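Visitor: Below is the structure I would like to discuss, written out as C-alpha cells.
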Amino acid sequence: MKIKDVRLTPLFSKFKTPYVWAMGKNFGATTILVEIETDVGVVGFGETAPTMTSPDAIYTLLKTAKSVLLEQPITQIADLMKQLFTRNFGHHYASQSHPRIGNIAFAGVELALWDALGKSVGLPVHALLGGKIHDTVSFMGFVQGETTEEVTGHARQLVQDGFEVIYLKAGHTNDKDLANVEAVRKAIGNKRLRIDPNEAWDLMEAQVMLQKLAKYDLEMVEQPVSAIAGVPALKALKQSCSIPIAADQSVFTSEEAHAMCVSGAPSLLTVGLHETGGILGFRRVAAIAKVFDINVCIHGVWETGITTCASIQAASGVPNMDDGNQIMWQLLEEDIVESPDLTPISGKISVMSTLGLGFILNEDAVGRAAEAYNKKKASDEI
Ligand SMILES: [Mg+2]
C-alpha cells in the first residue's frame with residue numbers, strides 16, 4: 001500500500017449569507033482538496049482550510065507533500081507527517097519554527113492519509129484509532145445574520161430545529177453585542193447560550209462587557225481577548241468574571257494546550273483539526289485537556305463536510321468531548337459531500353461506520369467549486 005500520487009485542487013464555495021463576525025464580513029470559503037492515491041487505486045480525500053491565511057502561501061507549502069509522500073507506505077501516517085514538517089520547517093523533526101502555519105497547511109494531508117488508510121483496510125477511521133466511545137456527536141446551533149432581527153430570527157429557528165446550545169458571534173460594537181444577546185436570550189428561552197467575541201475586546205472592555213452580559217445567563221464566552229496576549233490576559237479575566245471562559249485562538253499546539261490548561265483560566269478548549277494539524281494533533285490536545293478535567297469542543301474554520309466527517313471520526317473516541325461542537329458546511333451554498341446527510345437531528349450526527357472518513361464526494365459539486373475558485377482567482381479576488 002504505497003502512495004502513487006498526490007493531487008491538490010483549490011476550491012471556492014460561497015456562503016448562503018455573508019458571514020458576519022468581529023473581523024468583518026466574509027462571503028465564501030476557500031479550501032484545498034487533497035487527494036492521495038495508492039498503488040492499488042484507493043483514493044483518500046482530505047482538505048486544508050487556509051482561513052485567514054493566504055491560500056497561495058498554503059498551496060505552495062502543500063505542493064511539497066508530493067515529493068515527501070511518493071512511494072511511501074500509507075500505513076506510516078505519523079512518520080509521514082513528521083517528514084513533511086521536517087522538509088518545510090527544520091532539519092530535525094523536533095525543531096520546527098512555524099507549528100501553527102504548518103498545522104493549518106498539512107491537516108489536509110493527514111486527513112487524506114487517514115481516509116486512504118481506512119479505505120485500504122476496510123475500516124472507518126475511528127476503528128483505526130481505537131474505536132468509538134460515542135455513537136453520536138452533538139453540535140450547537142450556529143447563529144448567522146447581520147442585524148439584530150436577523151440573528152434573533154435565526155436563533156429562534158435553530159431552537160425549533162432541536163439545538164440545545166445556541167452560539168452567537170459578538171465583538172461587533174458593544175451596543176450591538178448587548179442588543180443581540182438580549183434579543184437572542186429572549187428568543188431562545190432557557191436554551192444554553194454561548195458567545196464568541198473573537199478576541200475583539202481588550203481586558204477592561206471584556207471585564208465591563210461580561211459584567212453587563214451576566215444577567216443573560218451566558219454559559220460560556222469564547223476567547224474574548226487577544227490570543228497574542230496569551231495566558232495572562234485570559235487568567236486575569238477569569239479572576240474577575242463568573243462566566244466560564246473558553247480558549248480558542250490561544251490553542252493550536254499541545255504545548256499551548258498545556259500552558260493554557262495549567263493556568264486555570266479556561267473551562268473549555270475550542271479547537272479543531274485544522275489548528276492542531278489533523279486527527280492525531282487533536283487527540284493529543286484532548287488528552288492534555290482531560291488531565292485537567294477540561295472538555296474539548298471541536299471548532300470549525302471555513303470548511304466543507306469533509307472536515308465535519310473527519311471531526312466526527314476524531315471526536316468519537318475522545319472521552320472529554322463537549323456537546324456544543326461546531327460545524328461549518330451548512331453555511332455553504334453547496335457542500336461537496338454527497339453522503340451521508342450531515343444535517344444534525346436534534347443537534348446530533350451519528351458516527352459513520354462507512355470506510356475511511358466516511359463520506360462520498362459529489363464530484364460535480366467539486367468541479368463547480370474548482371471553477372468558482374479559478375474564476376475568483378482570475379479576477380484577483382482571492
Ligand atoms: Mg472562536
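Visitor: Are any of the residues in the stretch 105-124 crowded, with 18+ Cβ neighbours inside 10 Å, assigned to a helix (DSSP H, G or I) and out of contact with any strand residue (DSSP E or B) (no Cβ under 9 Å at 6 or more places or on another chain)?
Guide: no
Visitor: Give the stretch 243-277 a look and list any residue that's within 11 Å of the ligand (Cβ to nearest atom) and assigned to a helix (DSSP H, G or I), or say none.
Guide: Glu275
Visitor: Please determine whether any residue of the stretch 219-227 is crowded, with 21+ Cβ neighbours inside 10 Å and away from the ligand (no atom under 14 Å from the Cβ).
Guide: No, the conditions are met nowhere in the stretch 219-227.
Visitor: Related question: Does Leu203 count as away from the ligand (no atom under 16 Å from the Cβ), farther than 23 Å from Gly141 by Cα, surrounded by fewer than 21 Cβ atoms within 10 Å (Cβ to Cβ) and modelled with pLDDT of 95 or more?
Guide: When the stated conditions are applied, Leu203 passes them.
Visitor: Identify, please: which residue in the stretch 139-157 is buried (at least 22 other Cβ atoms within 10 Å of the Cβ) and out of contact with any helix residue (DSSP H, G or I) (no Cβ under 8 Å at 6 or more places or on another chain) and is, among those, farthest from Ile345 (Cα to Cα)?
Guide: Out of the qualifying residues, it is Met140.
Visitor: Please specify each residue of the stretch 51-109 satisfying the condition of being of a type in the set (Ser, Thr, Tyr) and either under 19 Å from Leu33 (Cα atoms) or touching a Lys or Arg at 6+ places or on another chain (Cβ under 7 Å) (or both).
Guide: Our first condition is that a residue be of a type in the set (Ser, Thr, Tyr); within the stretch 51-109, this holds for 51, 53-54, 59-60, 64, 67, 75, 86, 93, 95, 97.
Result: Thr51, Thr53, Ser54, Tyr59, Thr60, Thr64, Ser67, Tyr93.
Visitor: Residue by residue through the stretch 302-341, note down the ones that are buried (at least 20 other Cβ atoms within 10 Å of the Cβ), assigned to a loop (DSSP other than H, G, I, E, B), touching a strand residue (DSSP E or B) at 6+ places or on another chain (Cβ under 8 Å) and not polar (S, T, N, Q).
Guide: Those that are buried (at least 20 other Cβ atoms within 10 Å of the Cβ), assigned to a loop (DSSP other than H, G, I, E, B), touching a strand residue (DSSP E or B) at 6+ places or on another chain (Cβ under 8 Å) and not polar (S, T, N, Q): Trp302, Glu303, Val318, Asp322, Gly324, Ile327, Met328, Asp335, Ile336.
Visitor: Right, next: Please work out if Val208 is of a type in the set (A, V, I, L, M, F, W, C), assigned by TED's automatic domain parsing to the domain that holds Asn325 and surrounded by fewer than 17 Cβ atoms within 10 Å (Cβ to Cβ). It would help to see each step written out before you state the result.
Guide: Details: of a type in the set (A, V, I, L, M, F, W, C): yes; assigned by TED's automatic domain parsing to the domain that holds Asn325: yes; surrounded by fewer than 17 Cβ atoms within 10 Å (Cβ to Cβ): yes.
Yes; evaluated as a whole, the condition is true for this residue.
Visitor: Among the residues of the stretch 193-220, write down those that are free of Cβ contacts under 8 Å to residues at least 40 places away in the same chain and aliphatic (A, V, I, L, M). Before the answer, list the steps.
Guide: So in the stretch 193-220, the residues free of Cβ contacts under 8 Å to residues at least 40 places away in the same chain come out as 193, 195, 201-218.
Residues satisfying the conditions are Leu193, Ile195, Leu203, Met204, Ala206, Val208, Met209, Leu210, Leu213, Ala214, Leu218.
Visitor: Scan Val262, Val271 and give me the residue that is assigned by TED's automatic domain parsing to the domain that holds Phe142, surrounded by fewer than 20 Cβ atoms within 10 Å (Cβ to Cβ) and among the β-branched types (Val, Ile, Thr).
Guide: Selected residue: Val262, the only one of Val262, Val271 that is assigned by TED's automatic domain parsing to the domain that holds Phe142, surrounded by fewer than 20 Cβ atoms within 10 Å (Cβ to Cβ) and among the β-branched types (Val, Ile, Thr).
Residues checked against (1) surrounded by 20 or more Cβ atoms within 10 Å (Cβ to Cβ); (2) free of Cβ contacts under 8 Å to residues at least 24 places away in the same chain; (3) among the hydrophobic types (A, V, I, L, M, F, W, C); (4) more than 22 Å from Asp380 (Cα to Cα):
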| site | (1), (2), (3), (4) |
| --- | --- |
| Leu8 | no, no, yes, no |
| Gly24 | no, yes, no, no |
| Val40 | no, no, yes, yes |
| Phe45 | yes, no, yes, yes |
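The values are calculated or read from the model by the stated rules, or taken from the named source; none is laboratory data. Everything numeric here is computed off the predicted structure, so don't read it as measured data. Glycine also receives a Cβ, built like all others from the backbone with ideal geometry; neighbour counts cover every protein chain displayed.
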